[in-house]
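Each reported figure results from applying straightforward, stated rules to the coordinates on display, with no laboratory input. The structure displayed is predicted, hence computed values, not measured ones. Neighbour counts run over all protein chains shown; Cβ positions are idealised from the backbone, glycine included.
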Amino acid sequence: MSLTRIAHSPYTLVVCEKPNAARRIAQALGTSSFKEISALEIVGRRGLPPVFSVVDRNNQHFVVCSALGHLYGLVDVNGNRSTYPVFDVKWMPILKKRNRKGPKTATRSVQIIKSIFLLSQKATRFVHACDYDQEGEVIGYNVLEYACKNKYESSLRAKFSTLTDEEIRNSFDNLLKPSKGLAGAGRSRHMIDFIYGVNLSRALTQSFKVSNDRKRYCNLSIGRVQGPTLAFVVDREMEIRQHVQEPYWNISGEFEKKGHIIKVHYYQQKISTLSEATSIVNACTNEDGKITGIENQKVTFKAPTPFNLGDLQKEAYRVFKFSPSYTLTIAEKLYIGALISYPRTSSQKLPASTNYKKIISGLSKILFLGGTSNNESTGSRGTYTNLAKSLLARDNLSPNDGSKTDPAHPAIYPTGEKPKGKLKAVEVKLFDLIIRRFLATFGDPAISGHTTVTILVKDNYVFRADGKKKIYEGWMYFYKPYNNRSDVETDLPELHEGDILRNVVIRMDKRFTQPPPRFNQVSLLEEMEREKIGTKATRSEVIETLFKRNYISSTSTHQRKNNGIGGIETTGVGFAIIQSMRKYMPSIVSTDLTRSMEKQLEHIESGKAKSSLVIGYAINKIKKAVVSFKEKETEIGRQITDAVISTQNKHQQRVLGNCPRCSKGVLKIIRSSITKKRFAGCSNYSSGGCKAIAPLPQKGSIETIDKTCALCRWPVVKTVFAGQAKHHWEFCINMQCPSKKQQQ
DNA sequence: GCAAGGTC
């Protein structure tokens, strides 16, 4: 341990939230002597956040250390997961891994805490320099209170919103008092979420256990964010089921001028009765039209805004069909590879201090060999060389910043670094999307011309024809493979007011009103954003949890409509959970809990309310709910149990689906007596000689999800690897499926 | 094998 090496002079210990921030802060503060000390020298362990020793402009000595997000979390003092209610909780170092056989092993958090403790021993002053938000305040509070031993009150707070040299130096020149209110509010938030979530989750799990005589186990959960999110899906499901289709009629037709066919539609989009529609069609059939108006409009589309995490997730879903959590996982890898900036941001703004030209010329050197299908690279030059050139030729570059901000991080942008190793195909895809989006934010507005022609038939019936033409490509040049608006131009011939058009045909189509579309992963995420539940970094995880618990599932292929692929529907379990919660703890499934909690926390923050009282109130409420829940335990359990068991049975069945080859048998999971490996084979093999066969992964559980591949009609199944339920994987079992060829 | 929130 070489604490002696840094402790020649008295120093201020600076506590940061994450290693990156520590490095930036040390760089900004330090003058010439910038020293990095490995954790190996402090606690004898590698792989922990580095510590920096710097001397600033005023010759003050700083030692900058870092947490790794939350190092402390709440634990149930009792520790028995099957008892509830539990109100006796305390803050403890987060222990993630434990040895299966032996005692708990010290984790990374414990090692970091130990190293910060040692550094704190010789510090004369403490600066809290975590992100300036509620969670950041808590992270620093816990480090200063527990690791540094009661130093929060005497510490000073560095307040900055971006990690630029200027802001950091400025914040250290103007250190504030710690925000006790903010820390109290944050810690209360943890407490309330724990008390509600853990107690109700245990209550649900227990009720299932007792009502099936403890034969089966099913992990059920609910919480302040899970509850309302599940309720969104359940309520939408109800709306869809209760929807009554109403018919309406659409009238369209074709006119002709000098051999050009012009498609027209009746000005009124929906005609509600058959008689009205018929009378219009009858009246207009074979009647020529006269142009009474031509309106030309120039429509401009501003460049897109820089990505924040939500925007990136939406776009990656739209163009690649990546689920939001998958996108975050890939983005994290790109971030760790130093290819993009920090992805968990809600900001749509790029800092003015960014050296755009440097990044862009860096990007122009990147070349994806056969990576993206859509580069316009020429010869051996980089994938983005041409795009970069056209931007670098400009005098000044300013991105089209959006309105959303983030206290801790700028929008997502590529760093301009070249990938060090070979990227996976999905990483290339997401990286390409981020690069092109970044380039496109500097582009000019795109302009297209829209023409609306009004056609009158028998002086009484109004039809319209629309034309669309690209006038100026602007930013779309950079974002080409991913442009949303259809590039299809609808051409109109040259037309003038007063022109007579020959009537070719007028027709009507019967349509029906549609129920609202099912949520997909992205629209559910958007709903959570709108209702302000969860955070940018956790929303997609919560959706994954609902899948993992079998509360929600992807709709079967044949049911896919409206919003296309990946609709989410609720399962029987999801229904049962929401029903029983609505009965016994209605606030947990509505967004009210979040709303009222936020209000209480604001009061704590401003000093108007005491956190102990707010938490006491929450405890009281949960106590009452738990009592009435326990009384009805068997009754609730029965409701949930039926749903759980039928879902479990469904998932455990060995039949994967109908055999697409012989259409008589079913594909079943079979274990080979020779190789002991499992595979899918047709039940019609011995009697009918059907040789349909497909390999299956040998590890993990295989679940049927009532889904058939859209391309080859073979069953689609889901595998979950033990302990990694988050990363379940759906695939068509047919090795010859065209979808597998497309992916190569 | 319980929440939600940080970060790797």
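Name the shape class, rounded, prolate or oblate, that the alpha-carbon gyration tensor gives for the range A:154-261, where a ≥ b ≥ c are the square roots of its eigenvalues, rounded holds for a/c under 1.5, and otherwise prolate holds if a/b is larger than b/c and oblate otherwise.
Cα axes put the range A:154-261 in the oblate bin.
State, as an integer percentage, the relative contact order of the range A:129-171 based on alpha-carbon contacts under 8 Å between residues 6 or more apart.
34 percent
Each residue of the range A:441-458 in order: what ³J(HN,Hα) in whole Hz does its phi give by Karplus 6.51 cos²θ - 1.76 cosθ + 1.60, θ = phi - 60°, with x for Gly and Pro?
With coefficients 6.51, -1.76 and 1.60, one gets 5, 8, x, 6, x, 8, 10, 10, x, 10, 10, 10, 10, 9, 10, 10, 10, 6 Hz.
List the relative contact order of chain A as a percent without decimals, with contacts defined as Cα pairs under 8 Å and 6+ residues apart.
RCO, chain A: 13 percent.
Rank A:A425, A:H603, A:Y342 by how far each Cα sits towards the positive end of the charge dipole of chain A (+1 on Lys, Arg Cβ; -1 on Asp, Glu Cβ) and give me just the farthest.
Of the options given, the answer is A:A425.
Could you tell me which of rounded, prolate or oblate describes the range A:383-485, using a ≥ b ≥ c as the square roots of the eigenvalues of the alpha-carbon gyration tensor, with rounded for a/c under 1.5 and, failing that, prolate when a/b is larger than b/c and oblate otherwise?
prolate
Just to be sure I understand: of the beta bridges DSSP finds with both ends in chain A, what percent are antiparallel, rounded to 5?
Around 90 percent antiparallel, to the nearest 5.
Let a ≥ b ≥ c be the square roots of the eigenvalues of the Cα gyration tensor of the range A:309-440; is it rounded (a/c under 1.5), or, if not, prolate (a/b larger than b/c) or oblate?
Oblate.
Can you list the residues, at least 5 places off or on another chain, whose amide H is less than 5 Å from the amide H of A:K151, using H built in the peptide plane?
Amide H neighbours of A:K151, under 5 Å, 5+ apart: A:E145.
Defining a contact as two alpha carbons under 8 Å apart and six or more residues distant in sequence, what relative contact order in percent does the range A:309-440 show?
That works out to 35 percent.
Stretch A:N620-A:K96 to full length: gain in nm at 0.36 nm per residue minus the Cα-Cα span?
185.6 nm
How far is helix A:19-29 tilted, in degrees, relative to the longest principal axis of the Cα atoms in chain A, given as a value from 0 to 90 rounded to the nearest 10?
70 degrees
Can you tell me which of A:448-461, A:71-84 comes out highest on packing, and rank the rest after it, using the mean Cβ neighbours within 10 Å?
Going from most to least packed, we get A:448-461, A:71-84.
Using packing as a proxy for protection, rank A:511-519, A:290-298, A:525-533 so that the peptide with the highest average count of other Cβ atoms within 10 Å comes first.
Top of the packing list down: A:525-533, A:511-519, A:290-298.
Put +1 on the Cβ of every Lys and Arg and -1 on every Asp and Glu Cβ in chain A; which of A:C682, A:I455, A:V198 then has its Cα farthest towards the positive end of the dipole?
A:C682
Kindly work out what percent of the DSSP beta bridges joining two residues of the range A:3-178 are antiparallel, to the nearest 5.
Roughly 50 percent of the DSSP beta bridges within the range A:3-178 come out antiparallel.
Note down the magnitude of the dipole of the range A:3-178 about its Cα centre, charges +1 on Lys and Arg C-beta and -1 on Asp and Glu C-beta and zero elsewhere, to the nearest 20 debye.
1000 debye
How do the peptides A:58-67, A:634-643 rank, highest first, by the average count of neighbouring beta carbon atoms within 10 Å per residue?
A:58-67, A:634-643
Over 30 Å between C-alpha atoms is what I'm after, so list which of A:K404/A:K429; A:K389/A:K424; A:K177/A:K621; A:K298/A:K424; A:K358/A:K532; A:K90/A:K122 land there.
Checking Cα-Cα distances, A:K177/A:K621; A:K298/A:K424; A:K358/A:K532 exceed 30 Å.
State the answer as a single residue: which of A:W714, A:V319, A:A393 lies farthest towards the positive end of the charge dipole of chain A, with beta carbon charges of +1 for Lys and Arg and -1 for Asp and Glu, about the Cα centre.
A:W714
Rounded to the nearest angstrom and ordered from largest down, what semi-axes does the equivalent ellipsoid of the range A:3-178 get from its C-alpha gyration tensor (root of 5λ)?
Ellipsoid half-lengths, sorted descending, are 30, 19, 13 Å.
Could you please report the charge total around A:L456, scoring K, R as +1 and D, E as -1 over all other residues with beta-carbon less than 14 angstrom from its beta-carbon?
That works out to -2.
Any idea what the dipole of chain A comes to, in debye rounded to 20, about its Cα centre with Lys/Arg Cβ at +1 and Asp/Glu Cβ at -1?
Dipole of chain A, to the nearest 20 debye: 3640 debye.
State to the nearest 20 debye the size of the charge dipole of the range A:504-642 about its Cα centre, where the only charges are +1 on K and R beta carbons and -1 on D and E beta carbons.
Using Cβ point charges on Lys, Arg, Asp and Glu, the range A:504-642 gives about 240 debye.
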